[in-house]
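Step one of this worksheet: look at the structure below.
Computed from the coordinates by the stated procedures, all read-outs in this text should not be read as laboratory data. Keep in mind it's a predicted model, so treat the numbers as computed, not measured. In this analysis, Cβ positions are derived from the backbone assuming ideal geometry, glycine residues included, and neighbour counts consider all displayed protein chains.
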Amino acid sequence: MNPALWAALGGAVALLLVLLGAALATLVVSRRARAREQAALATARADVDTLLARVDELSAELAASRTPAPAEDGYLITTAGGPVDRSHLPQVPERAVLSVTVGEPLVKLAAFGYGLRRALSAESRNRIAFEMRREAKRARKARRRAARRTRVTAPEESAA
């Protein structure tokens, strides 16, 4: 046999072995990665299960602590009118309540007045008038251009 043929055959076998080794390495790496992903997924599921159990436990505790006293007729709509324990409520002076109830509308009225004063100021009116004149000039120029185009194209259409 020809030595060149042996060399080519040896090179082909070597290339085949290298490709087979690369495929085997890829397979091993992918299996290891899949095993790591499966382990991470199992830990995440266990964590979620633990959290769900804790949430259920806390929900049950909250529901047990919030159960209202049963009403005489079986329905409890509100506790208004019944005995109220005011010992835990902070004491608010009447002056503060009055200040809030009267002060808030006054603040809104003052803000509205300020905005109205700014809108009706001479500077604002001049700016609005300037913009209106500029818009009127622009519209007038556009109408003139459209009229010129109509005059230029009208004789061509009537001749045809």
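List of remarks:
- Computed log₁₀ I(q)/I(0) - Debye formula, equal Cα scatterers, no solvent, segment 1-66, q 0.13, 0.14, 0.20 Å⁻¹: -0.65, -0.69, -0.86
- Centre separation in Å (Cα based) which lies between segment 102-121 and segment 34-56: 58
- The charge dipole of segment 1-66, taken about the Cα centre with unit charges on the Cβ atoms of Lys, Arg (+1) and Asp, Glu (-1), comes to about 320 debye, rounded to the nearest 20.
- Other residues whose C-beta falls under 15 angstrom from the C-beta of Ser30 contribute a net charge of +3, scoring Lys and Arg +1 and Asp and Glu -1.
- Cα lying deepest toward the dipole's positive end in segment 1-66, options Gln38, Leu58, Leu27, charges on Cβ: Leu27
- Relative intensity, log₁₀ I(q)/I(0), of segment 102-146 from a Debye sum that treats every alpha carbon as a point, q = 0.20, 0.34 Å⁻¹: -0.70, -1.02
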